[in-house]
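To keep things clear, I will list the structure first and then write my remarks on it.
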Amino acid sequence: MYKLRPWLVLILCLGGMFWLSLAQSRQIDRIVAIVNNDVITDSEFQKQLIRVRQELRARKAQTPPERTLNRQVLERMVTDRIQLQVAERLSVKVPENTINDALQELAGRNNLTLPQLQNALARDGIPYDDFRENIKTQLIIQRLVDREVVSRVAVTDEEIEGFLANQRGQPDEVKEYDISHILVRVPEAAAPQAIAELKAKAQRALDKIRDGMEFEQAAINYSQAQNALDGGGLGWRQAGQLPVLFLGAVRKMQPGQVTDVLHSPNGFHILKLNKARGGTAGVVRQTRARHILIKNDEFLSPTEATQRVIRIREQLVAGEDFAELAEANSDDPVSSVNGGDLGWLNPGETVEGFEAVMHRLKIGEISRPVATPFGVHLIQVLERREQQLDDAAGRNNALIQIRARKSDERYEQWLRRLRDESYVEFKVGDF
């Protein structure tokens, strides 16, 4: 979200020019929504609208009708603002160095340095300060969700045993699904007539899809999920991460198929199965990797750590030995004595940013700088294999999947309750 505080109107001349300028400034900075004790101004809204239009163009996605786009953008801003208000009330903050690390990580995921990312944003007409503020907003919300939702999810031994028993009973079942999702949210205290109207809205979306509308476009037009403007894509999910309602539907589908309208306590859903890939119960894809870590702290800023990693990478590209450079430079005391070797890694054993980059690397390829909460890394994948998990690893894998599923479900419930309990008034009639 982009935050623009009340701005200074420069009075360049007197008389009619002054009043014209003042009228224009008031027109631009009108209030478009009231959210509890805060407001969203038109200037904030227009900046967000420009950013979303740029994202849609970059994805080559068709821009929806203006009224639909306005509504979706403003609804997302309202939802973000509500969560930020809760974060402020609970004193949830994100340190500056964490924001810097996130920007470094984002640049690394796109095989860019931070200066290259800044240049790319400038070419696209996106002010870097606005982009950084948006990253800060998302980090605050994530930290809030971790505190208020994820940390409160409990997984029992009985749930783990049930998960493992189900895997043993269906050893050849497809284990991962790439799906897209449309949600028409139903308020907790909705009257029967309102529920019927919302179900009809979901059915209209499904009818449009069956008449030839792309699912991504239907999500942009109809979905009330947080990722609606991203086309509804959820990416790859392991079977155990999916709600029972979703899993029961997609396990019967072929790629490209779309479900009927599904009903859950949170609302009405439509799913599209994009891809599926198989697996054997208890078998995971392991990666053997090595890394060089440069920590940033009060003595070394994130930018300086990144520059140091860039110089080490240049040495590697020039042919120097990875193990020798790891022993000489890495701040990871455990792996550095082994030339940076981390051994065989199961899914979920490394932090998200590190794992995402590692999974994209080809064997032998050296990553760009990757920022995580531990510092800045260079990663090289040495081998990959399919491996049967031992009992301890299998239980841990089950725990990860169950916790992810329950966290997603709890987040939707928590977010719906926050929205229902908040005072929201739209001050413009064309949304």
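Computed values, structure above
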{"read-out": "Order of Ser151, Ser335, Ser422, Ser367 - criterion: other Cβ atoms within 10 Å of each residue's Cβ, fewest first", "value": "Ser151, Ser422, Ser335, Ser367"}
{"read-out": "Mean-position separation - Cα centroids, the stretch 93-122 and the stretch 247-266, in angstrom", "value": "37"}
{"read-out": "Top of Glu105, Glu55, Glu298 by mean-square fluctuation, Gaussian network on the chain, Cα under 10 Å", "value": "Glu298"}
{"read-out": "Exposure proxy ranking, count of Cβ atoms within 10 Å, fewest first, for Asp332, Asp178", "value": "Asp178, Asp332"}
{"read-out": "Check: the chain dipole with +1 on Lys, Arg Cβ and -1 on Asp, Glu Cβ, in debye", "value": "1320"}
{"read-out": "Selected from Gln238, His263, His291, residue furthest toward positive end of dipole (the stretch 197-326; charges at beta carbon)", "value": "His263"}
{"read-out": "Amide H contacts under 5 Å for Arg30, placed H, 5+ residues apart", "value": "Asp42, Ser43"}
{"read-out": "Global form of the stretch 156-211, assessed from the alpha-carbon gyration tensor, a/c cut-off 1.5", "value": "oblate"}
{"read-out": "Value at 222 nm in deg cm²/dmol, rounded to 500, when DSSP H runs of n ≥ 4 in the chain each add -39,500 (n - 2.57)", "value": "-16000 deg cm²/dmol"}
{"read-out": "Dipole of the stretch 93-226, positive direction: furthest Cα of Tyr177, Val153, Val94, with charges on the beta-carbon", "value": "Val94"}
{"read-out": "Net charge dipole size for the stretch 283-388 [Lys, Arg +1 and Asp, Glu -1 on Cβ; Debye, nearest 20]", "value": "420"}
{"read-out": "Karplus (6.51, -1.76, 1.60) ³J(HN,Hα), θ = phi - 60°, over the stretch 373-379, in Hz, Gly and Pro reported as x", "value": "x, 8, x, 10, 10, 10, 10"}
{"read-out": "Partner lysines for Lys175 [C-alpha distance under 24 Å; skip if fewer than 8 residues away on the same chain]", "value": "Lys252, Lys272, Lys275, Lys362, Lys406"}
{"read-out": "Pairwise centroid distance, computed over Cα atoms, of the stretch 410-428 with the stretch 178-217, Å", "value": "18"}
{"read-out": "DSSP beta bridges in the stretch 283-388 [antiparallel fraction, %, rounded to 5]", "value": "95"}
{"read-out": "Calculated from backbone phi, Karplus (6.51, -1.76, 1.60) coupling profile of the stretch 322-334 in Hz, x at Gly/Pro", "value": "4, 4, 5, 5, 5, 4, 7, 10, 5, 8, 8, x, 7"}
{"read-out": "Relative contact order (percent, whole number), the chain, Cα cutoff 8 Å, 6+ residue spacing", "value": "21"}
{"read-out": "Cβ-based charge dipole, the chain, positive-most Cα from Met358, Gly339, Val250", "value": "Val250"}
{"read-out": "Gaussian network model of the chain, Cα within-10 Å springs - most flexible of Gly364, Gly125, Gly212", "value": "Gly212"}
{"read-out": "Rounded, prolate or oblate (a/c below 1.5 giving rounded, otherwise prolate when a/b exceeds b/c) for the chain by Cα gyration tensor", "value": "oblate"}
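No lab work stands behind these numbers, since they all come straight from the coordinates. Just so we're clear, the structure is a prediction, and the values are computed from it rather than from any experiment. Cβ: placed from backbone, ideal geometry, glycine included. Neighbour counts: every protein chain shown.
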